[in-house]
Amino acid sequence: MSAANTSDWHMSHRTVRALLALVIVFVPLAASAEPKRLAEAVDSIGITVGDIDRAADFYSRVLGFEKVSETEVAGESYEHLYGVFGMRLRVARMRLGREHVELMQFLAPRGRSAPPDSRSNDHWFQHVAIIVSDMDRAYALLRAHKVEHASSGPQVLPAWNPNAGGIAAFYFRDPDGNTLEILSFPPDKGEKRWQAKDRLFLGIDHTAIIVADTERSLRFYRDTLGLAVAGGAENHGTEQEHLNNVFGARLRITALRATRGGPGVELLEYLAPRTGRPMPPDTLASDEWHWQINMDTADPGAGASAVRRERYTEVSNGVTRVEPGTLGFTAGFMVRDPDGHATLLVAR
């Protein structure tokens, strides 16, 4: 080979190596641009109740839900899934519009009742926001059924708050003391379907949970589970105080959504007052303050691995397979977020 050819060969070789280096650098960056989303959809919200017949009657007769199924389960696989030994569980699946809640009564063992002095800034607080077409009519109906107030009355959030101005909301309690919210959107806010007038109770927009630190919670819901941030706001003022029934309330609100739909998840961080009590560390799924967010995933094993890697609290004893056709899924894994709220990742 001539000197010129040798020089050309070395230049060509250096060029190839440079191109390979570019491939090595850029391919991983392109591949990691879209994070893997473990939670693909929010299927339903699970609510532990003390009397499922009473609860199902209230949700259907007063709030317009339809019971679509009811089942009873027991056995070792369900004990490992829910982390409750010797359990026997009744589950009633209730539909409102496109969304579902699942009422859960642990026939055995019976869990503890929620603290009677629970407040909206306690960290076990969770609610679902039921959208209504007419706030005045909905409030009158709830008054006629003698529901317990959690707010002093319906509140219309002020216009100075561009993200929430004009929204009307009211907190109340179901027969088991669980907090629920009715909410109506002005024409310029919310999904188009929330402007329907064909019925009073339209569906569920989101479930809201109290968190101590929004950034810490985002590492769980956004970075680990893959929910997407859909918006945020900071709410305060007399209307917010009377809605939450917490004097001096100032909240940071962060809304998240799953890619394939379902109710949103709202993180509520009380910037003031920071007097909310933490979730009891020994909380079980049978305790009547336990709620869970049921999320669909293609790979519960990946979810379990991610949870262990990030050292979140596992409820289930690993990914648990259950009998098909009982609870609507074939395998699941339950985990608690940094504040103790439960998520059940399930594969259909």
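Rule-based calculations on the coordinates, nothing more; no lab input. Quantities reported herein were computed from a predicted structural model and do not represent experimental measurements. Cβ: placed from backbone, ideal geometry, glycine included. Neighbour counts: every protein chain shown.
Brief remarks follow.
- Contact order for the stretch 41-272, expressed relative to its length and based on alpha carbon pairs under 8 Å spaced 6+ residues apart, stands at 21 percent.
- The angle between the Cα long axis of helix 3-31 and the longest principal axis of the Cα atoms of the chain comes to about 10 degrees, rounded to the nearest 10.
- Charged-residue dipole, Cβ positions (Lys, Arg, Asp, Glu), the chain about Cα centre, Debye nearest 20: 560 debye
- The stretch 212-283: trypsin sites (Lys or Arg not before Pro) in DSSP coil with no more than 15 other Cβ atoms inside 10 Å: ARG260, ARG274
- Remark: spin-label model distance ARG110-THR214 equals 4.2 nm, labels positioned 7 Å along the Cα→Cβ axis.
- Extreme residue, positive dipole direction of the stretch 41-272, given options ALA41, HIS236, ALA74 (C-beta unit charges): ALA41
- Qualifying trypsin sites (Lys or Arg not before Pro) for the stretch 129-166 [loop in DSSP, other Cβ within 10 Å: at most 12]: LYS146
- Virtual spin-label span in nm between ASP53 and ARG250, 7 Å along Cα→Cβ: 5.0 nm
- Folded to 0 to 90 degrees: helix 135-144 orientation relative to the chain principal axis, Cα: 50 degrees
- Listed residues PRO158, PRO187, PRO338, most fluctuating in the chain (Gaussian network, C-alpha, under 10 Å): PRO187
- In plain terms, the C-alpha convex hull of the stretch 206-348 casts an average shadow of 9.1 nm² when viewed from every direction.
- Value of Rg/Rh across the chain [Cα atoms, Kirkwood radius]: 1.11
- Set LYS67/LYS197; LYS146/LYS192; LYS67/LYS189 screened for pairs whose C-alpha atoms are more than 27 Å apart: LYS146/LYS192; LYS67/LYS189
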